[in-house]
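Accompanying notes for the structure given below.
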Amino acid sequence: MITCRDVTERLLDLELGELPEDEARAVRAHQAACPRCAAFAHGYAAVPALVREALESAITPELQARLDAAVREALRDAG
Ligand SMILES: [Zn+2]
């Protein structure tokens, strides 16, 4: 059984498709049963694209600000 904290820590890898399948399954199962983590994942969905962009180019102050805002928004949505 994984915890909300486990789910939160694995979300980025899950969204990037880098989480091992058994862990991905556990995270999805937790989200299906936990509205808070489901809401967090929903808010988090915009982050991977920003992260990919960050990895492909130097992080500019503008990009850093957008990334910070997206993460803050995801955390707020999660309550
Ligand atoms: Zn949870």
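Brief remarks on what is shown
- Among residues of segment 20-36, those that are within 12 Å of the ligand (Cβ to nearest atom) and more than 13 Å from Met1 (Cβ to Cβ), counted: 5
- If the condition is being crowded, with 17+ Cβ neighbours inside 10 Å and either under 11 Å from the mean Cα position of the chain (by Cα) or of a type in the set (Asp, Glu) (or both), then segment 28-43 contributes Cys37, Phe40, Ala41, Gly43.
- Residues in segment 4-46 that are over 17 Å from Leu75 (Cβ atoms) and not in a helix (DSSP H, G or I): Leu16, Gly17, Glu18, Leu19, Pro20.
- Single residue of Ala74, Ala78, Ala65, Ala46 found to be without any contact (Cβ under 8 Å) to a residue 24 or more places away in the chain and either among the hydrophobic types (A, V, I, L, M, F, W, C) or surrounded by 15 or more Cβ atoms within 10 Å (Cβ to Cβ) (or both): Ala65
We did not get these values from a lab; they are worked out from the coordinates using the rules stated. Since we're looking at a predicted model, the values are computed, not measured. With ideal geometry, Cβ positions are generated from the backbone for all residues, glycine too; neighbour counts draw on all protein chains shown.
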